[in-house]
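The values are calculated or read from the model by the stated rules, or taken from the named source; none is laboratory data. In this text the structure is predicted, and so the values were computed from the model without any measurement. Cβ atoms come from the backbone with ideal geometry, glycine included; neighbour counts cover every protein chain shown.
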Amino acid sequence: MTDRLGWRRKFGVIAPSTNTIVQPEFAMLQVPGVTSHFSRIHIRDQNMDSDEGMQRLLDQIRAEIESACERVLTCEPDYMVMGMSAETFWDGVEGNRAFKKQITDITGLEVATGAEACERALHLYGAKRIGIVTPYQPVGDENVVKFFEELGFEVAAIKGLKCPTAVAIAHVTEAELRDAIHEVNGPDVDAIVQCGTNLCMTELADEAERWLDKPVIAINAATWWMALRENGIEDQMQGYGSLLRDH
């Protein structure tokens, strides 16, 4: 039998319990016949106002991710999507590969990660020199830079917003994000990448592409784009950036 609503694909999504942005943004990006089904990682200590706090947050994710995957498997998804991004950048390219393998080993399914989705998007645009916006502390920014530099990209500038808690990431205003975009932009920057799935950026990135006349890659849009295209779903949509509109 085919699922009544997810007749094309059912995506199993893993996200932290503190994240209030990725689920509604993925819902905005939903196309007919594709559904997303969330399993939450219980975050008990959401303080991330220091490098040590951010590391503790990652430790909680690592401790609970297998259980979260097992829960979402009960709805029999066709594909996995990561609704969190820091862990997908951690330890650079090899860290992302190991993370993807872990999820596939647990679920038996292929997986879209934010890190790989951004890599694919940057290659698609032919970008070499990039600016990056994150909600992270310095240790998180270091891992993001490590990932992109190992792939051969040059990071011209990075703006870490140093959000004090995991929930506070969703409180970053549009004005603050707009200022951050301008801060990491420059005439020699080919594209801008936004990390952190709890930053509300998808619609703003679409607008920013018009201001700057260059790609602005919001991680939730990129991850959803990768998931769709990996599953042979070529639907295009307006209002959420050039990846989903033109590619």
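A few comments on the model shown:
- Residue within the range 187-198 that is out of contact with any strand residue (DSSP E or B) (no Cβ under 6 Å at 6 or more places or on another chain) and hydrophobic (A, V, I, L, M, F, W, C) present: no
- Qualifying positions in the range 26-54 - under 24 Å from D105 (Cα atoms) and of a type in the set (S, T, N, Q): T35, S36, S39
- Lone unmet requirement of (1) out of contact with any Cys (no Cβ under 6 Å at 6 or more places or on another chain); (2) in a helix (DSSP H, G or I) for I158: (2)
- Filter result for L57 (out of contact with any helix residue (DSSP H, G or I) (no Cβ under 7 Å at 6 or more places or on another chain), at negative phi, not assigned by TED's automatic domain parsing to the domain that holds G232 and not polar (S, T, N, Q)): no
- Scanning the range 24-44 for residues that are farther than 18 Å from S85 by Cα and not hydrophobic (A, V, I, L, M, F, W, C) gives Q30, P32, G33, T35, R44.
- Filtering the range 206-214 for residues that are under 26 Å from Q55 (Cβ atoms) and not assigned by TED's automatic domain parsing to the domain that holds R56 leaves an empty set.
- Qualifying residue in the range 69-78 (condition: farther than 20 Å from G241 by Cβ, in contact with a Cys (Cβ under 9 Å, 6 or more places away or on another chain) and surrounded by fewer than 22 Cβ atoms within 10 Å (Cβ to Cβ)): no
- Residue match in the range 110-119 (condition: over 15 Å from F11 (Cβ atoms) and surrounded by fewer than 14 Cβ atoms within 10 Å (Cβ to Cβ)): no
- Residues of the range 38-60 that are crowded, with 16+ Cβ neighbours inside 10 Å, assigned to a strand (DSSP E or B) and not hydroxyl-bearing (S, T, Y): F38, R40, I41.
- A count restricted to the range 31-51 and to residues that are modelled with pLDDT of 95 or more and over 18 Å from V167 (Cβ atoms) stands at 8.
- Hits in the range 4-19 (condition: in contact (Cβ under 8 Å) with a residue 24 or more places away in the chain and either basic (K, R) or surrounded by fewer than 16 Cβ atoms within 10 Å (Cβ to Cβ) (or both)): L5, W7, R8, R9, K10
- Taken over the range 89-126, the criterion of being part of a helix (DSSP H, G or I) and under 13 Å from the mean Cα position of the chain (by Cα) is satisfied by F89, N96, G114, A115, E116, A117, C118, E119, R120, A121.
- Only residues that are in contact (Cβ under 8 Å) with a residue 24 or more places away in the chain, surrounded by fewer than 24 Cβ atoms within 10 Å (Cβ to Cβ) and either more than 19 Å from the chain's Cα centre (by Cα) or assigned to a helix (DSSP H, G or I) (or both) were counted in the range 186-227, giving 12.
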